[in-house]
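One structure is given below, encoded as structure tokens.
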Amino acid sequence: MNIEPVNNILSEQDIKEITLSFLKGYYRGRERIGETELSSDVRGAGGIIADGHLSFPQPGGTWFVATFEATSFDTRMEVRFTQRRNLLFWDAVVFAIWGAAVWAAFNLVFHLAPMKKYGPHLPVVITVSVFTMLFFVFHLAAAYWRRYRHIYAVEQFKQYYVNEQWISVAKDVFYDSQDTYYEELRRQCVFFGFGLVMIDKNRKPQIHLTPARVDMFSGKRKAVLLLTENQLVNRMRTFADQKWIRDFQGKLTRVFSSADPEFLKRFGGKYPKHWGAVAGALLLILFLWYKEYKPLIPRTVDEKLYAEEVVQQARKFPKDPPGYAIDTPLFHPAPFLDDRISYLDEWIEDRLAEKAALRQRPRNAMGSQDGEHITLYDCARFRNFTGVKFILMDAPYPDFDAALLRIEQLQAQGIQAGAFWLGCFDTRTGEYVVFVGPIFNNQREALQMAQQLEWLRRDSSGKDFLTVKAISN
């Protein structure tokens, strides 16, 4: 989708100035023991770049640090996703070749296309066909996954850790709130816990998302020292003034006339794990193929040696016992008993036991009381319900994992959420329902909460975000 610039277009420098002013006011109420430091265009180790930086000392000797990436219409490609074609290709190769390896293993165990019957060529043709089919199926199915949508500003934030990170974007970068690029940027900001601010043509910032208070990367990122351009130049100048550095630079100048810019390779693709996975699958396929092919290799047999081997093998087996083995079964007690139950009654009892066990699984119902931790319950939690209860339903989900992921996303926005298995009320369905807020005693309370959460409605959406649903035992 092509986007045309509008009147009063804001430059990237304008976005930086507006965002710095916004962040200063946004963090005005945070507890601190010193002055707030603001700067733009900071650099860090490993080629880290940030358009803006805010920091202040906190009680206890620690520093609070927030950074942001500013994007105007001219630099809009920083927040518009591009597809990682190389990563998608290698993931498809790994998926397909391991699928082919699994097929080769099943073929060896269950003799689906045995070489003894069809020869060595057919299994190879089938393996190659399975690889090709799985490759294209994965490539088509996974093309729209977040893993393969590369957003430069998001990838930049993933390289280092600070307390909070913001993406500040001019509103004219996207066509509207239904723009595919905007939806993907918002989705990744929610998933990774980044804040999102939109600057309109009147230079007013609008908060679309606030940063997560909890590190969504679980401490996997490293903190880096961020320096302004002047600080970086001074440090480099001080370091370069040392005598051994000047001598080393002179030697390099005589050997190399130019150097390739490493900036172009910042997020470039090297895939050693994929190569290792492909090599492992190939070795497994070759091993399985050779194991099945080996018995087909012609062998020359020495008759005397073969006779001796047969005698040795025969001696390993026990001798037949003397006497006769009676094959008529003996029943004790008698096979016909008066206290037996019919097979239909036994089947009904088994079905009732299965339903009871299913309702007692701890993953049937889940919820959260403090908005931070997920608590799991079974269907017994709903047995004390009397009458009809009401919930604010977000949406039904097909399985437990999908419902749990949605609860975590809502809690990341500070929204209390929970879910329960519909099978607790009717075992004919297996869906999970995610709901917002508590379980209400009447419909009026649920409708009042829905009005309070009206801000969750997507921009320009004509559909209700939440639905009041009645539940009863």
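The values are calculated or read from the model by the stated rules, or taken from the named source; none is laboratory data. Given the structure is predicted, the values throughout are model-derived calculations rather than measurements. Note that we place each Cβ from the backbone using ideal geometry, even for glycine, and neighbour counts take in every protein chain shown. Accessible surface is based on the protein model in full, side chains and every heavy atom, while ligands, DNA and RNA are left aside. Shrake-Rupley method; radii C 1.70, N 1.55, O 1.52, S 1.80 Å.
Scan the stretch 133-153 residue by residue and report those that are open to solvent by 10 Å² or more (accessible area, probe 1.4 Å) and of a type outside the set (A, V, I, L, M, F, W, C).
Passing the criteria: His139, Tyr144, Arg146, Arg147, Arg149, His150, Tyr152.
Being out of contact with any strand residue (DSSP E or B) (no Cβ under 6 Å at 6 or more places or on another chain) and among the polar types (S, T, N, Q) is the filter here, so list the residues in the stretch 66-100 that pass it.
Correct list: Thr75, Gln83, Asn86.
Does the stretch 175-198 hold any residues that are open to solvent by less than 10 Å² (accessible area, probe 1.4 Å) and closer than 14 Å to Gln409 by Cβ, and which are they?
Correct list: Gln188, Cys189, Phe194.
Considering each residue of the stretch 154-165, count those that are assigned to a strand (DSSP E or B), surrounded by 19 or more Cβ atoms within 10 Å (Cβ to Cβ) and either out of contact with any Ser or Thr (no Cβ under 7 Å at 6 or more places or on another chain) or among the small types (Gly, Ala, Ser) (or both), and give that number.
Residues in the stretch 154-165 being assigned to a strand (DSSP E or B), surrounded by 19 or more Cβ atoms within 10 Å (Cβ to Cβ) and either out of contact with any Ser or Thr (no Cβ under 7 Å at 6 or more places or on another chain) or among the small types (Gly, Ala, Ser) (or both): 1 in total.
Quick one: in the stretch 11-34, of everything that is exposed (fewer than 13 other Cβ atoms within 10 Å of the Cβ) and touching a Phe, Trp or Tyr at 6+ places or on another chain (Cβ under 7 Å), which residue is farthest from Lys204 (Cα to Cα)?
Gly34
Quick check on this structure: which one of Val125, Val130 is buried (at least 19 other Cβ atoms within 10 Å of the Cβ) and either under 19 Å from Leu283 (Cβ atoms) or free of Cβ contacts under 8 Å to residues at least 24 places away in the same chain (or both)?
Just a single option satisfies the conditions, and that option is Val130.
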